1. So residue 56 fits all but one of (1) within 30 Å of residue 220 (Cα to Cα); (2) surrounded by 21 or more Cβ atoms within 10 Å (Cβ to Cβ); what number is the exception?
2. When you check residue 97 against the structure, is it under 24 Å from residue 36 (Cβ atoms), in contact (Cβ under 8 Å) with a residue 24 or more places away in the chain and surrounded by 19 or more Cβ atoms within 10 Å (Cβ to Cβ), yes or no?
3. Is one or more of the residues making up the range 292-303 small (Gly, Ala, Ser), in a helix (DSSP H, G or I), touching a residue at least 12 places away in the same chain (Cβ under 8 Å) and under 21 Å from residue 39 (Cβ atoms)?
4. From 187, 136, 181, 116, which residue is open to solvent by less than 10 Å² (accessible area, probe 1.4 Å) and assigned to a loop (DSSP other than H, G, I, E, B)?
5. With the condition kept exactly as written, say whether any residue in the range 55-71 is among the basic types (Lys, Arg), part of a loop (DSSP other than H, G, I, E, B) and over 23 Å from residue 299 (Cβ atoms).
6. Among the residues of the range 220-230, write down those that are in contact with a helix residue (DSSP H, G or I) (Cβ under 9 Å, 6 or more places away or on another chain) and assigned to a helix (DSSP H, G or I).
7. If you go through the range 133-148, how many residues are modelled with pLDDT of 90 or more and either out of contact with any helix residue (DSSP H, G or I) (no Cβ under 8 Å at 6 or more places or on another chain) or of a type in the set (S, T, N, Q) (or both)?
8. Quick one: would you say residue 271 is open to solvent by 60 Å² or more (accessible area, probe 1.4 Å), in contact with a helix residue (DSSP H, G or I) (Cβ under 6 Å, 6 or more places away or on another chain) and either outside any helix (DSSP H, G or I) or at pLDDT below 95 (or both)?
Amino acid sequence: MPLDPQLAALLAAPADDAAPPTSFAERRALFASELAAIDRPGPAIAQEHAITLSTRNRPLDARLFRPAMPASSNRPVMLFFHGGGWIQGSSATHASLCRHLAHHGGFDLLSIDYRLAPEHPFPAAFEDALDALRWLYEDGVGAELHSPDIVVAGDSAGGNLAAAVCLAAPAEGLPAPQAALLLYPALDLANRTGSRETFGRGYWLDTLDELIAHYVPAPAQRLAAEASPALAPTLAGFPPTMLVTAGHDPLRDEGIAFAVRLMADGVRCTLANEASMIHGFLSLHGAIPAAERRLIAIAQQFGRFVRAD
């Protein structure tokens, strides 16, 4: 399917002739400012505030979102990991996306600020993600996050972390999350696919190889399931999953292949390939009406998906 016309126009816009950032701090600030320039606040929610998780290894900053709907003792809790190529992004850059997921999906949502590469390479972000899940099971009651129904979600690099946590939880003695929402996730950091070759330039993810090298500098480590969930020997026991890919995304093929493997291993899985979209399109919901419509629909569909059990 052709690229959405508004996305095509956005990609064709002349590049900013400002000097490129020279440090990771500048790169993160630019990423945040570019998203803020096209962002909208999203739906009104009942509560949003910062929270610090006292995990067994280190404090983790997070942001808690509660939807403006009647409280329920069994309202699911979504543990969310933001995208940004493991080197940038935060609970702030993804706040409006999280408001949509909380409001339209009906979740209490906890968005985690995990450690970023290259200052903190693999497995730092993975360890933080696993610590956040452990905290939610062990200490979430203190934050009134006491639902037994815990789901994980993430976009792009955050989808990588969400999938890795789902695989690792049983070995850590933790219950498997009830479900997973993986939004155009990075799942195989060691191998190249056809979509990476086709859409590797000009589709908003031109630096994938660089990002992977910053996150997992040692190529041998990219073979570990904690870094590349698609390389796990089996996906049996993985939580029921809704996986969203974009038709013009370098990560499309590995997402589709992961969904096929999930179904082959007996996991309930729904795959939605947004054929006219690019990587990261949900973060463009403030500028691209089609992206906002899909974000609302995905949140609602995942809410129904979780409650189907």
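1. (2)
2. Answer is yes for this residue.
3. Taking every residue of the range 292-303 in turn, at least one turns out to be small (Gly, Ala, Ser), in a helix (DSSP H, G or I), touching a residue at least 12 places away in the same chain (Cβ under 8 Å) and under 21 Å from residue 39 (Cβ atoms).
4. 187
5. Scanning the range 55-71, I find at least one residue that is among the basic types (Lys, Arg), part of a loop (DSSP other than H, G, I, E, B) and over 23 Å from residue 299 (Cβ atoms), so the answer is yes.
6. Selection gives 222, 223, 229, 230.
7. 4
8. Working: open to solvent by 60 Å² or more (accessible area, probe 1.4 Å): yes; in contact with a helix residue (DSSP H, G or I) (Cβ under 6 Å, 6 or more places away or on another chain): yes; either outside any helix (DSSP H, G or I) or at pLDDT below 95 (or both): yes.
Criteria met by residue 271.
The values are calculated or read from the model by the stated rules, or taken from the named source; none is laboratory data. Since this is a predicted model, take the numbers as computed values, not measurements. Glycine gets a Cβ as well: all are built from the backbone with ideal geometry, and neighbour counts include every protein chain shown. Side chains are part of the model used for accessible areas, which takes the heavy atoms of the whole protein and leaves out ligands, DNA and RNA. Shrake-Rupley method; radii C 1.70, N 1.55, O 1.52, S 1.80 Å.
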